[in-house]
Every structure is written in structure tokens, then in C-alpha cells.
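Novice: There's a structure below that I have some questions on.
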Amino acid sequence: MKYHVSISKREIITAVILIIGLLLLIKGTHSNYQMNHALRLDNLDEHELKNGTYVTGDIDAYIGQIMYGSGKFSGVSQSLTASGKTYNFYTIPVGQKSYICIMAYSKSLLDQLEAFENGYGKNVYFEGIIVEPPTELNHAWYTHVEGFDTGTLIDSFVIKEVNFNRNKDLIYCSIILLAIAALLFFSSGGIKNFIMEETDNTRTVYNNYAKVYNKDHELQAEKMQLETLERRLKSAKRNAILCLALFFIGIYIVYSAYLLESKLFGILLMLISVRGIWIYFINSSNTLAKSLVKRFTSESLSIQIEEHKNNIKRLEDNYEI
């Protein structure tokens, strides 16, 4: 026995999309688990700090100083631009008489913090992740903060603002990629299309029938073509059923996703799904579909199947005669 593997560019693309989707799903699931077990700001102790740990809680105060000249109170010790975002460093109280820097970048959070009066205000909800300082902290700034003990500052870690909804969107994106991979997989014929094809020692068995058109084998050729067309129509039907499910997944993602990028992915999934459903519909034996096909002078799988069935019946009748 011999075995042959037939892998096209389509299968390679499917495998790449599948791997990326699985990696995103693993990352998103892991992040979502950590997010659900996030530490609380109000009882955060230094020994609990660990790189990559999520933190959540309310901010009601931060330290600061009166700016020389303007007389305005400011709690920004330094700023950092990284990955296209500008982070402002605020120092907030945590745990038992300790302080830690947070890196805030979103406009909503910055506006709420700046609305504090002399560093005190209403509770502002904060989500972040503990990381090592991406730059050296500005220790000189703290020397101008009245009554602040620099020994209470935790300088081995900072808390960078993150949006927990992004982790959920990672899961949404992974679902989209896995769905697209499944769509490509089943639309190309499933596992039989590229997994090892069994052969004997002398002759390779191919999935696709060769077109045989001659007088002696005309009937056989018609039956082969009919079988091929029916197989394609069944494949389109399976694809349409899958697309219908993906369409509703796309609706759910558009409705549930927080980020615009994820909503766009959901819309893209819906459009791809509509295309798969339309392909089956226009090739089906539906009366409206046949009418549309005939009106635009093109052929569908159902029309071709009907023609081959008529040809087979005609040839069989001739042979009986």
C-alpha cells in the first residue's frame, strides 16, 4: 500500500488561521481567568505583587504637589510614550501605608483623575496589570511632595492601565478565526480532501474523476459528472449550514464586543457567512433561485444536475432500444 498527501495553498492558509485562532483562544481564556481572579487595590500588599497579575479597584486619592508658577495641584510624576500611547504616572495609596504608581492613558480615566481636588475625589474604577517599570521612576519628583516618605513607595512594580474587555475581544477574534478555518476546511471537502489518499502499488486513486467523453463511455461519463455535481451541491449545503451558524455568531460578536475592531471582525464574519449561504441558495433547486439563474443566463449546479439526469435517461432509453 502507498499513501499520498495532497496539500494545497488553501489547506496551508487554513492551518495557519487555525493555529492563530487556537493561540488567541488560549491567551484570551488565560487572561480572562486571571481577570476574574484579579487582586483588589484596597488591600494590595507588596508581597502579592507579581509581574502579569491583574488588579482592579477604586481610586479615591493620589499624591501630588503644587506646581511652581501656576499654583495648580498636579499628581503626574512623569509621562511615557510607548506603543503609540502616552501614559501619565500617578502615585496612589495601596494596602497598609504603601504607595504604587499607576500608568494611565485613557481619556476617560485621565479626565476623572484630573477632576480630583488636591488629590482627593470620588471613587474612580480602575483596571490594570502589574508590570515592571518600563522606565526609571522619577524619584526626584517625590522629594517635592510635602510629608511624603519615599520609603513607602513600591518602585519594583507599577500598575499599567488595561481594558479588561480587550481580553474578551481576544476570545471573540479567536472564535472568528476558528470559524473561518472551519469554513475553509469543510468548503474544500473536509479531511478527505487533503489527508492521505490510499492507493495500491500500481495505480493512484484520485478523488476527482477524469472527464471521459467518447461514444463508448458517454453514459459512464454522464454518471461521473452527475456524481461530481451532486457532491459539490452537498458540500455547498454543508457549507451553508455552517455559514448560518457563523452568521449568528457574527451577530453576537457585533452586539457583545467592546472594541470597534472586534465589531468589524463580527461584521466581516457575517458578510463571509452571507456569501456561503448565497452560493448554496443560487445553486439549489429552489424555484426562485432557478428563475434568477435563468434570467441572468448562467448555470447553477441544480440546473446542470437536471441536465445530466435527462442525458442519462436519454442514453439509457437509447441503449434499451
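The values are calculated or read from the model by the stated rules, or taken from the named source; none is laboratory data. These numbers come from a predicted model, not from an experiment. Glycine gets a Cβ as well: all are built from the backbone with ideal geometry, and neighbour counts include every protein chain shown. When the accessible area is computed, the model is the full protein with side chains, heavy atoms only, and any ligands, DNA or RNA have been set aside. Shrake-Rupley method; radii C 1.70, N 1.55, O 1.52, S 1.80 Å.
Novice: With viscosity set to 1.002 mPa s at 20 °C, what whole-number translational diffusion coefficient in µm²/s follows for the range 1-154 from Stokes-Einstein and a Kirkwood radius over Cα pairs?
Specialist: Answer from the Stokes-Einstein relation: 116 µm²/s.
Novice: Something else now. What net charge is computed for the residues neighbouring THR135, neighbours being all others with C-beta under 13 Å from the C-beta of THR135, Lys and Arg scored +1, Asp and Glu -1? Mind showing how you got there, number by number?
Specialist: Details: positive: LYS160; negative: GLU132, GLU136, ASP155.
Once positives and negatives cancel, what remains is -2.
Novice: Accessible area of ILE20, 1.4 Å probe, to the nearest 10 Å²?
Specialist: 80
Novice: Probe radius 1.4 Å, ligands and nucleic acids left out: which of HIS144, HIS30 has the largest accessible area, and how do the rest follow?
Specialist: HIS144, HIS30
Novice: Pick out, in residue order, every one of the GluC sites (Glu not before Pro) in the range 107-188 that is DSSP loop and has at most 15 other C-beta atoms within 10 Å; say none if there are none.
Specialist: Passing both the DSSP loop test and the Cβ count: GLU136, GLU146.
Novice: May I pose another question? Using only Cα atoms, figure out Rg for the range 62-101 and give it as a multiple of 2.2 N^0.38 Å. List each step's numbers first, then the result.
Specialist: Working: Rg = 12.5 Å, N = 40, 2.2 N^0.38 = 8.9 Å.
So the Cα radius of gyration is 1.39 times the expected 2.2 N^0.38 Å.
Novice: Please compute the net charge surrounding GLU117, taking Lys and Arg as +1 and Asp and Glu as -1 over other residues with Cβ under 13 Å from its Cβ.
Specialist: For residues surrounding GLU117, the net value is 0.
Novice: Let me ask something else. Might you report the magnitude of the Cβ-based charge dipole of the range 1-127 about its Cα centre, with Lys and Arg at +1 and Asp and Glu at -1, to the nearest 20 debye?
Specialist: 780
Novice: Same structure, new question: Above 18 Å lies some portion of the pair distances; for the range 71-148, what is it as a whole percent of all C-alpha pairs?
Specialist: 43
Novice: So, with +1 on the Cβ of K and R and -1 on the Cβ of D and E, and no other charges, what is the size of the charge dipole of the range 56-193 about its Cα centre, to the nearest 20 debye?
Specialist: Numbers: 9 positive and 13 negative charges, 130 e Å.
Around 620 debye, computed over the range 56-193.
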